[in-house]
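J.: If you scroll down you'll find the structure; I have some questions about it.
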Amino acid sequence: MNIPNEIKKPNLLSVEDAKALDLPLMTEYFKKYLNPGQLHFMKLLGFNKIRIERAEGMYYIDQNDRQILDFFGGFGSLAFGHNHPKILAARIAFQNEKRHEIAMAFLSQYAAALAKNLAEISPGHLDMVFLGSSGSEAMEAAVKVAERAAGPGRSKIVYAENSFHGKTKGVLSITDSPLYRGQFRLVDDTVRVPFGDIEAIRHAFEADPEIGVIVLETIQGGGGIVTAPPEFWQQLRALCDKHKVLWVADEVQCGMGRSGRFYAFEHAGVVPDVTALAKSLGGGKSAVGAMIASRDVYMKAYGKPNTALIHGPATFGGIGEACITAIEALNLLYDEGLIANSAQQGAYLLDRLKGLQAKYPKIIKDVRGQGLMVGLEFHDFSQTLPALLRSIISVLDEKLKGSLSGFVGALMLRDYDILVAFTEYNRNVIRLEPPLICQSADVDRFVDALDDLLSRGIVGIVKDFLASQVKQ
Ligand SMILES: Cc1ncc(COP(=O)(O)O)c(C=O)c1O
């Protein structure tokens with residue numbers, strides 16, 4: 001073997017170099033090495049002009065010390081806000097004590113404790129935990145455990161219109177986006193039903209005995225914050241029991257207290273067979289996903305030594321610091337009363353937004369949600385704008401043309417220092433998922449700013465947006 005005398009270090013940036021990258025270089029590297037197409041959207045919304053220096057609590061802080069109020073909340077990943085001091089302290093102590101991270105060979109006290117906590121919180125027999133590092137991975141685990149427990153000949157999966165369960169290949173098969181699914185070859189044993197339609201599900205179960213699993217977000221996020229009433233979930237539970245179909249509840253976005261209960265399905269007083277968490281489970285500091293299955297389901301799938309390794313462990317599932325971050329996060333959720341705060345502030349936010357809807361009925365079509373998972377839907381104005389403006393915005397991106405949400409999002413940031421989120425499948429909806437530490441003063445600041453913006457009228461908003469594009 002040829003042993004080189006010297007291995008030359010490539011031209012690498014250091015950690016300090018990374019922290020010091022300025023906007024032009026960040027943009028250049030993003031374009032060259034990460035995702036050139038995504039830059040197009042960032043430019044449209046004006047997000048490309050901001051370089052975040054720090055983040056604390058409800059705020060991002062940029063290069064000019066501008067404080068940006070975060071009502072986007074990483075699509076529900078920031079229940080504790082940015083850099084919660086207790087989460088930081090737990091992580092720093094873990095590092096200072098030189099605890100081990102990778103636990104493939106030995107038992108991990110951190111993974112064991114996190115699993116015990118999740119079982120303690122989860123109702124019914126939801127006791128068995130698989131740990132991973134993303135929502136997609138947790139959902140892959142959920143679908144696989146259910147498929148194995150459903151048994152041979154019952155591998156068909158029911159999923160909902162406008163669902164989002166992740167972009168890895170398995171869960172992409174039950175994610176209802178023609179764009180994301182594209183030309184990929186997916187699992188074809190699936191049946192699609194309208195979300196919240198119990199009769200469609202009943203019909204599917206009765207028509208096809210090969211259906212063994214149904215997967216639903218308890219609150220649809222990517223679909224535009226869509227809920228179903230408690231009776232739907234109660235009837236679903238009964239129907240699943242009758243047909244021996246396993247119900248997988250995707251709580252990746254709506255779980256961890258966001259809806260005003262730890263799990264959104266708890267509002268209906270029923271328990272699924274399998275569920276999944278991610279996003280805020282990592283305390284806003286680390287990547288943690290968890291599948292939680294009922295003991296019976298798990299034991300059927302992987303309960304014996306010869307089946308135990310079929311799905312697990314994952315290299316980074318149960319990694320030490322991620323686990324202790326999640327343990328601290330779960331404790332904080334209760335110690336700081338964040339679930340109750342989510343219910344309270346969410347109700348206040350909905351109430352104030354309903355006031356805005358009454359004030360601007362021609363602009364706001366609907367406001368809806370549960371806890372601090374709120375959607376605000378604008379009327380589609382693509383056909384009602386004055387012809388001249390319509391022709392000007394016709395050159396904009398397909399997603400923005402008929403949608404006020406893009407213009408509102410861009411101007412909320414530009415003029416009011418507030419960040420909101422958009423919605424994959426419904427371009428007329430802005431998603432509001434602020435950290436669960438949100439206070440009524442934050443809600444007031446957000447709603448007052450939106451009120452001020454909407455008072456410009458649709459034409460005013462579109463013109464102001466276009467003006468900022470021209471200046472770019
Ligand atoms: C409901 C739901 N499931 C699954 C996922 C996938 O999670 P991740 O992006 O961590 O893979 C998401 C992400 O947005 C989600 O909202």
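J.: Scan segment 445-466 residue by residue and report those that are modelled with pLDDT under 95, more than 16 Å from residue 45 (Cβ to Cβ) and buried (at least 19 other Cβ atoms within 10 Å of the Cβ).
T.: Selection gives 458 alone.
J.: How do the strands (runs of 3 or more DSSP E) wholly within segment 151-252 filter down when requiring 1 or more residues that are over 22 Å from residue 278 (Cα atoms): which remain?
T.: Fully inside segment 151-252 and qualifying: 156-160, 190-193, 211-217.
J.: Same structure, new question: Which number in (1) within 16 Å of the ligand (Cβ to nearest atom); (2) modelled with pLDDT under 95 marks the one condition that residue 40 misses?
T.: If we test residue 40 against (1) within 16 Å of the ligand (Cβ to nearest atom); (2) modelled with pLDDT under 95, just (1) comes out false.
J.: For segment 93-108, give me the residue count where each residue is outside any loop (DSSP other than H, G, I, E, B) and in contact with a helix residue (DSSP H, G or I) (Cβ under 9 Å, 6 or more places away or on another chain).
T.: 3
J.: Where the second residue is in a helix (DSSP H, G or I) and modelled with pLDDT under 95 and the first is over 16 Å from residue 13 (Cα atoms) and lies in segment 23-38, which pairs have Cβ atoms under 6 Å and are six or more apart or on separate chains?
T.: Final answer for the pair search is 31/39.
J.: Please work out which residue is farthest from the ligand (Cβ to nearest atom), limiting yourself to segment 237-256 and to residues that are closer than 15 Å to residue 267 by Cβ and either surrounded by fewer than 20 Cβ atoms within 10 Å (Cβ to Cβ) or of a type in the set (A, V, I, L, M, F, W, C) (or both).
T.: 237
J.: Follow-up. Could you grab me the full set of residues in segment 141-176 that are polar (S, T, N, Q) and within 12 Å of the ligand (Cβ to nearest atom)?
T.: 162, 163, 168, 175, listed by residue number.
J.: Restricting the search to segment 94-109, which residues are surrounded by 12 or more Cβ atoms within 10 Å (Cβ to Cβ) and small (Gly, Ala, Ser)?
T.: 103, 108 - these are the residues of segment 94-109 that are surrounded by 12 or more Cβ atoms within 10 Å (Cβ to Cβ) and small (Gly, Ala, Ser).
J.: So in segment 72-88, with the set limited to residues that are touching a residue at least 60 places away in the same chain (Cβ under 8 Å) and away from the ligand (no atom under 16 Å from the Cβ), which one is surrounded by the most Cβ atoms within 10 Å (Cβ to Cβ)? Talk me through it step by step, then tell me what you get.
T.: We begin by selecting, within segment 72-88, every residue touching a residue at least 60 places away in the same chain (Cβ under 8 Å); these are 72-84, 86-88.
Filter again for away from the ligand (no atom under 16 Å from the Cβ), leaving 80-84, 86-88.
Values: 80: 26, 81: 22, 82: 21, 83: 15, 84: 24, 86: 15, 87: 23, 88: 14.
Residue satisfying both the conditions and the ranking: 80.
J.: Can you pull out every residue in segment 261-280 that is buried (at least 24 other Cβ atoms within 10 Å of the Cβ) and out of contact with any strand residue (DSSP E or B) (no Cβ under 6 Å at 6 or more places or on another chain)?
T.: 263, 264, 279, 280
J.: From the residues in segment 196-236 that are within 18 Å of residue 173 (Cβ to Cβ) and within 12 Å of the ligand (Cβ to nearest atom), which one is nearest to the chain's Cα centre (by Cα)?
T.: Filtering first and then ranking leaves 222.
J.: Do we have residue 138 as under 13 Å from the mean Cα position of the chain (by Cα), surrounded by 24 or more Cβ atoms within 10 Å (Cβ to Cβ) and either within 11 Å of the ligand (Cβ to nearest atom) or among the aromatic types (Phe, Trp, Tyr) (or both) here?
T.: Yes; evaluated as a whole, the condition is true for this residue.
J.: Right, another one. Which members of segment 129-148 meet the condition of being in a strand (DSSP E or B) and of a type outside the set (Phe, Trp, Tyr)?
T.: 129, 131, 132
J.: Just give me the residues in segment 427-445 being of a type in the set (Asp, Glu) and in a loop (DSSP other than H, G, I, E, B), in sequence order.
T.: 433
J.: I'd like the residue in segment 269-291 that is within 14 Å of residue 78 (Cβ to Cβ) and assigned to a loop (DSSP other than H, G, I, E, B) and, out of all such residues, is nearest to the ligand (Cβ to nearest atom).
T.: Of everything passing the filter in segment 269-291, 278 is nearest to the ligand (Cβ to nearest atom).
J.: When you scan segment 115-129, do you find a residue that is surrounded by 15 or more Cβ atoms within 10 Å (Cβ to Cβ), within 15 Å of the ligand (Cβ to nearest atom) and more than 22 Å from residue 227 (Cα to Cα), even just one?
T.: no
J.: Looking for something among the charged types (D, E, K, R), touching a Ser or Thr at 6+ places or on another chain (Cβ under 8 Å), assigned to a helix (DSSP H, G or I) and assigned by TED's automatic domain parsing to the domain that holds residue 106 - is there at least one such residue anywhere in segment 324-334?
T.: no
The values are calculated or read from the model by the stated rules, or taken from the named source; none is laboratory data. Just so we're clear, the structure is a prediction, and the values are computed from it rather than from any experiment. Note that we place each Cβ from the backbone using ideal geometry, even for glycine, and neighbour counts take in every protein chain shown.
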